[in-house]
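What follows is a short report on a single structure.
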Amino acid sequence: MGMVGGWRGARSVVCVLVLLLVHVWDALPARAIEESANIRVPILAYHNVDYSGSAFSVTPEQLDEQCRWLIDNGYTTISLWQFWDAVMGYGTLPPNPVVLTNDDGWLSAMTFAEILGWYGLVGNYFINNVSPLTPDEILYLAQRGTVQAHTASHASLLGVDYAGQLAEITENVIYLEQITGQPVQFISWPNGDTDASAVEAAAAAGIVGGFGLGGTGCFLQSVDPYYVTRIMMVLSDDLDTFAAKVSWW
């Protein structure tokens, strides 16, 4: 009886340990996602990468220096899809995530992609139908990152009626999807302008997330799905300013 009782006691202990292990194991993904929700993600908004002198441009040398800073300081670039999965609670993010976006589809988007490629960084591109980029160039960008919507004509959607807003977004989505063969479900609002009607039109066109201009880094737990804040990158940014924008701005 003593032996039987001993085995029963041991078996009970094993059962308890197994149940505890299962409980902890099941809790790990949920805990990881919960912790991910508190992560700050800087989303950087670039435009021209050239020597135009535009206030909203950066030079190739600036971008190169900024990419090296990201690598040296342990940042990992992520795609819009990775970011969105984390926002929705479907996935987690690597340490020190950062999203690099490029707006408008200027020819210098190719320079942006080339410099990012030197460092193995991921770029995300918001392109309109009037972009000077050829379909082959747009496809090239899509193969090295994500290509998403920026309206057909790059017009501000403020003051446009719902039908016009829907046409601007839908035509852009169709144009890009035909070129890239990839789903287009995000939009960068031209000039950062949007309203309730534009959001409704975007949703009707299959857009699930909209990105604005200006603002600071965003925390996953407080993201507005149709106006995700981005940090503008400008010509006057020196490396200290860039570091501040990425780290705590």
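The values are calculated or read from the model by the stated rules, or taken from the named source; none is laboratory data. Just so it is clear, the structure is predicted and the values come from calculations on it, not from any experiment. Cβ sites come from the backbone with ideal geometry, for glycine too, and all protein chains shown count toward neighbours.
What the table below lists for this structure:
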| read-out | value |
| --- | --- |
| Search result, residues across region 197-228 that are assigned to a helix (DSSP H, G or I) and at pLDDT 95 or above | Ser197, Ala198, Val199, Glu200, Ala201, Ala202, Ala203, Ala204 |
| Residues of region 102-118 classified as over 18 Å from the mean Cα position of the chain (by Cα) and either of a type in the set (Val, Ile, Thr) or surrounded by fewer than 20 Cβ atoms within 10 Å (Cβ to Cβ) (or both), total | 6 |
| Residues within region 230-249 that are modelled with pLDDT of 95 or more and part of a loop (DSSP other than H, G, I, E, B), tallied | 7 |
| Residues satisfying the stated conditions in region 74-101, i.e. buried (at least 21 other Cβ atoms within 10 Å of the Cβ) and hydroxyl-bearing (Ser, Thr, Tyr) | Thr77, Thr101 |
| Residue among Trp81, Trp7 that alone is farther than 22 Å from Met232 by Cβ, of a type in the set (A, V, I, L, M, F, W, C) and modelled with pLDDT of 90 or more | Trp81 |
| Where Cys218 falls short, out of the listed (1) surrounded by 21 or more Cβ atoms within 10 Å (Cβ to Cβ); (2) touching a residue at least 60 places away in the same chain (Cβ under 8 Å); (3) closer than 23 Å to Leu107 by Cα | (3) |
| Leu121, sole failed condition from (1) closer than 23 Å to Tyr51 by Cβ; (2) surrounded by fewer than 19 Cβ atoms within 10 Å (Cβ to Cβ) | (2) |
| Failed condition for Met232, given (1) without any contact (Cβ under 8 Å) to a residue 40 or more places away in the chain; (2) more than 20 Å from Gly89 (Cα to Cα) | (1) |
| Filter result for the condition that a residue is under 24 Å from Ala204 (Cβ atoms) and without any contact (Cβ under 8 Å) to a residue 12 or more places away in the chain, over Ile174, Ile127, Ile179 | Ile174 |
| Qualifying residues in region 236-249 (those that are surrounded by 16 or more Cβ atoms within 10 Å (Cβ to Cβ) and of a type in the set (A, V, I, L, M)) - the one farthest from Trp84 (Cα to Cα) | Ala243 |
| Which listed residue, of Tyr90, Tyr125, is closer than 21 Å to Gly209 by Cβ and modelled with pLDDT under 95 | Tyr90 |
| Check on Tyr162, among the hydroxyl-bearing types (Ser, Thr, Tyr), closer than 30 Å to Tyr51 by Cβ and over 18 Å from the mean Cα position of the chain (by Cα) | no |
| Gln143 farther than 16 Å from Leu70 by Cα, under 17 Å from the mean Cα position of the chain (by Cα) and surrounded by fewer than 17 Cβ atoms within 10 Å (Cβ to Cβ) | yes |
| Single unsatisfied condition, Asp224 versus (1) surrounded by 15 or more Cβ atoms within 10 Å (Cβ to Cβ); (2) closer than 25 Å to Asn38 by Cα; (3) among the charged types (D, E, K, R) | (1) |
| Any pair with Cβ under 8 angstrom, 6 or more apart, that starts in region 152-169 at a residue that is in the same structural domain as Glu200 (by TED's automatic domain parsing) and ends at one that is exposed (fewer than 15 other Cβ atoms within 10 Å of the Cβ) and not in a loop (DSSP other than H, G, I, E, B) | Ser156/Asn191; Tyr162/Glu200; Leu166/Ala204 |
| Exclusive hit being in the same structural domain as Gln221 (by TED's automatic domain parsing) and assigned to a helix (DSSP H, G or I), set Leu100, Leu133, Leu63, Leu93 | Leu63 |
